[in-house]
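Asker: One structure, pasted below without further comment.
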Amino acid sequence: MTKPMFSKEELAIMVARVQQHLLAEHDLQLGRFEAESLIDFMAGTVGVQCYNRGLHDAQALMAEQMERFNDGIFQLERVMPK
């Protein structure tokens, strides 16, 4: 059995938000199981893309920080006297 992606509390909050959004924006009323199914689908499709984008953004940020760090180290180097 795989570990649930979200805690029961997190899922309950997301279910309520999905239900409220669909009712307010599309006049569509979903039950808890339907909302959970939609959340599972979105987490497995759109969620994967968002997760991967986050990884790429973090990698780019770390590369930028490492470049600054390397520049700082280079500036600390001393010239060997002749």
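Rule-based calculations on the coordinates, nothing more; no lab input. Please read these numbers as outputs of a predicted model, since none were measured by experiment. Positions of Cβ are generated from backbone atoms using ideal geometry, with glycine treated the same way; all protein chains shown enter the neighbour counts.
Asker: Say we join alpha carbon atoms closer than 10 Å with springs in a Gaussian network model of the chain; which of MET14, MET66, MET42 then has the biggest fluctuation?
Answerer: Taking springs between Cα atoms under 10 Å, the residue moving most is MET66.
Asker: So what's the back-of-envelope 222 nm ellipticity for the chain, counting only DSSP H runs of four-plus at -39500 (n - 2.57) apiece and dividing by all residues, rounded to 500?
Answerer: -26500 deg cm²/dmol
Asker: Measure nothing but the geometry: give the 0 to 90° angle between the long axis through the Cα atoms of 8-26 and the longest principal axis through the Cα atoms of the chain, rounded to 10°.
Answerer: 70
Asker: Using only the alpha-carbon atoms, how far is helix 32-44 inclined from the longest principal axis of the chain? Give it as 0 to 90 degrees, nearest 10.
Answerer: 30
Asker: Continuing with the same structure: Return ASP27, ASP40, ASP57 ranked ascending by Cβ neighbour count within 10 Å, so the fewest neighbours appear first.
Answerer: Least crowded to most crowded, the residues run ASP27, ASP57, ASP40.
Asker: Please list 68-78, 44-54 highest first by mean number of surrounding beta-carbon atoms within 10 Å per residue.
Answerer: Going from most to least packed, we get 44-54, 68-78.
Asker: Hey, in the GNM for the chain with a 10 angstrom Cα cutoff, which one of GLN65, GLN20, GLN29 fluctuates hardest?
Answerer: GLN65
Asker: Something else now. Mind sorting SER7, SER37 by how few other Cβ atoms lie within 10 Å of their own Cβ, fewest first?
Answerer: SER7, SER37
Asker: With 5 Å bins from zero, work out the P(r) of the chain over every alpha carbon pair and list the percent per bin.
Answerer: 3, 12, 13, 14, 11, 9, 7, 6, 6, 5, 4, 3, 2, 2, 1, 1, 0
Asker: Output the 0 to 90 degree angle, nearest 10, between the alpha-carbon long axis of helix 46-76 and the longest principal axis computed from the alpha carbons of the chain.
Answerer: 20
Asker: Turning to a different aspect of this structure: Considering only ALA35, ALA12, ALA24, give the residue with the highest GNM mean-square fluctuation for the chain, with springs between Cα atoms whenever their separation is below 10 Å.
Answerer: The residue with the greatest mean-square fluctuation here is ALA24.
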